[in-house]
Amino acid sequence: MTSDSPAKNPAKTFHVKSFGCQMNVYDGERMAEMLGMQGYLPAADGADADLVVLNTCHIREKAAEKVYSDIGRLKREDGSTPTIAVAGCVAQAEGAEIARRAPSVDVVVGPQAYHRLPDLIARAERGEKAIDLDMPLESKFGALPKRADGQRPTAFLTVQEGCDKFCTYCVVPYTRGAEISRPFADLIAEARALIAGGVREITLLGQNVNAWDGEDDKGRAIGLDGLIRELAREDGLERIRYTTSHPNDMTDGLIAAHGEVDKLMPFLHLPVQAGSDRILAAMNRSHSVDSYLRVIERVRAARPDIAISGDFIVGFPGESETDFEATLDIVRATNYAMAYSFKYSRRPGTPAATMDEQIDEAVMNDRLQRLQALLNQQQQAFNEATVGRATRLLLERKGKHDGQLIGKSPWLQSVHVTAPGLAIGDMTDVRITSAGPNSLGAEPLMEAVA
Ligand code: SAM
Ligand code: SF4
């Protein structure tokens, strides 16, 4: 621009705040890319952005309630608010109720319709309340812009969405809709765009990611293991991960891939939820304690050093002390490297919400505490067992101290290392020197790790 050219209107700014699961993080990134294409500039936070997108999670009560307090906090000193869009699963579940309860909300858009966000914002700017809760047959993925050049060495790639399993406690089948697998060619194209932008690790995402199926470029029917094997051939891509899996969809091929595909990292997140067959049946999980433990055994036979992670719910309706102790037993039998555990949250519209014998909050608190104490012990022991080990890190971000970088081990542990000359995005060989509950320390290794 020459000095005498007219000053342009400054571009509008936006901020996307994502709550909940990694699939929401992926959706949030795609919305940000789309808004960038529309000329919006990213703002550091919502405080003075022109447009704020709250990309919400409905999996537990607190997550939904938090949205309303976040909306309230967007009000500025002069009483004004930015354009507010509520996206994600709370938007899908609560719909127009959000705009009634929080009149400052301008746009409500469900997780299957966010490719229409620019249109909805334009309607809101004309003074309409723009609400789109459609679950259209046309794929939103096809309508989204191409992936922007990655600014980080790791990326999520949603390969599968929705769920047909209808666990009795869960809102996902209602808010995300039926299970769909994205086409193979689209996924390879998106992965290549990410790799070209500098991404070295891709995590394949889905509510039941291991239910993904499709046809490869020769028309052969393949499952997630086939997709992983194809991605592993891409030069420049160093690491592949996937999450979240259902125990019943751990196929022979996928288990074998853990022993055969070097780029597939030795980490498996396999939720079990509870350790009592009676509770698993009431949850409609359609697997048993025994079938879960057999999957774990076979995965460990294929890849002995694999780190196992899980999800647990305590206090499901009707859970007795004996049922809960069976959950502690399955934790002892599996020996987790890490895990997520939650108190059961009553979700309106799900079958479990109206079951008899809802469990007292105090009992749930006590069980959660006991379960977490055991899981924390196992996580600490897993981390300590890696001390002295030589391994490879993918460096992802800066640490607190000068020259310090934080990378991930193959087992998804955060590892701090200080080594001059290294940069974010590098793969580097280290020896683990210390272990805390949530992160490890390491020193650089000169010789390469096999
Ligand atoms: N599809 C995955 C599976 O089958 O394990 C899980 C997806 S869900 C989004 C993530 C986790 O949230 C679940 O594994 C479960 O532990 C937890 N969760 C889901 N509904 C819940 C509820 N009503 N109360 C508490 N935790 C819940
Ligand atoms: Fe929810 Fe169960 Fe589907 Fe997982 S498998 S998303 S817990 S209904």
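Is there a residue being among the hydroxyl-bearing types (Ser, Thr, Tyr), modelled with pLDDT of 95 or more and surrounded by fewer than 16 Cβ atoms within 10 Å (Cβ to Cβ) anywhere in region 295-312? Within region 295-312, none of the residues are among the hydroxyl-bearing types (Ser, Thr, Tyr), modelled with pLDDT of 95 or more and surrounded by fewer than 16 Cβ atoms within 10 Å (Cβ to Cβ).
Among the residues of region 278-309, which ones are outside any helix (DSSP H, G or I) and away from ligand 2 (no atom under 12 Å from the Cβ)? Result: 288, 303, 304, 305, 306, 307, 308, 309. Highlighted here would be helices (runs of 4 or more DSSP H) found entirely within region 167-277 that include at least 2 residues which are touching a residue at least 60 places away in the same chain (Cβ under 8 Å), more than 16 Å from ligand 1 (Cβ to nearest atom) and in contact with a strand residue (DSSP E or B) (Cβ under 8 Å, 6 or more places away or on another chain), but there are none.
Annotation: of all residues in region 6-45 being more than 29 Å from residue 206 (Cβ to Cβ) and touching a strand residue (DSSP E or B) at 6+ places or on another chain (Cβ under 8 Å), the one that is nearest to ligand 1 (Cβ to nearest atom) is 45.
In this entry, residue 122 passes the filter for residues that are more than 16 Å from ligand 2 (Cβ to nearest atom), surrounded by fewer than 16 Cβ atoms within 10 Å (Cβ to Cβ) and closer than 18 Å to residue 14 by Cβ. On the basis of being surrounded by fewer than 16 Cβ atoms within 10 Å (Cβ to Cβ), out of contact with any His (no Cβ under 8 Å at 6 or more places or on another chain) and not hydrophobic (A, V, I, L, M, F, W, C), does residue 200 make the cut? When the stated conditions are applied, residue 200 does not pass them.
Is one or more of the residues making up region 389-405 at pLDDT 95 or above and surrounded by fewer than 17 Cβ atoms within 10 Å (Cβ to Cβ)? The answer is yes; a qualifying residue exists. Checking the structure you have, find out if any residue of region 129-148 is under 30 Å from residue 426 (Cα atoms) and hydroxyl-bearing (Ser, Thr, Tyr). Scanning region 129-148, I find no residue that is under 30 Å from residue 426 (Cα atoms) and hydroxyl-bearing (Ser, Thr, Tyr), so the answer is no. Going through region 116-126 one residue at a time, which ones are touching a strand residue (DSSP E or B) at 6+ places or on another chain (Cβ under 9 Å), without any contact (Cβ under 8 Å) to a residue 40 or more places away in the chain and farther than 28 Å from residue 203 by Cβ? 119, 120, 122, 123 - these are the residues of region 116-126 that are touching a strand residue (DSSP E or B) at 6+ places or on another chain (Cβ under 9 Å), without any contact (Cβ under 8 Å) to a residue 40 or more places away in the chain and farther than 28 Å from residue 203 by Cβ. Which residues, counting only those in region 130-165, are at pLDDT 90 or above and touching a Pro at 6+ places or on another chain (Cβ under 9 Å)? Of everything in region 130-165, those that are at pLDDT 90 or above and touching a Pro at 6+ places or on another chain (Cβ under 9 Å) turn out to be 161, 162, 163, 164, 165. As for region 134-155, it holds at least one residue that is among the hydrophobic types (A, V, I, L, M, F, W, C), farther than 19 Å from residue 46 by Cα, in contact with a strand residue (DSSP E or B) (Cβ under 7 Å, 6 or more places away or on another chain) and in contact (Cβ under 8 Å) with a residue 40 or more places away in the chain. Which one is nearest to residue 138 (Cα to Cα), of the residues in region 106-115 that are without any contact (Cβ under 8 Å) to a residue 60 or more places away in the chain and within 26 Å of the chain's Cα centre (by Cα)? Taking the candidates together, the pick is 113. Screening region 149-170 for residues that are surrounded by fewer than 20 Cβ atoms within 10 Å (Cβ to Cβ) and of a type in the set (Asp, Glu) and picking the one that is nearest to ligand 2 (Cβ to nearest atom) gives 164.
The values are calculated or read from the model by the stated rules, or taken from the named source; none is laboratory data. Because the structure is predicted, anything quoted here is derived from the model rather than measured. So basically every Cβ, Gly included, is an ideal-geometry build from the backbone, and we count neighbours across all protein chains shown.
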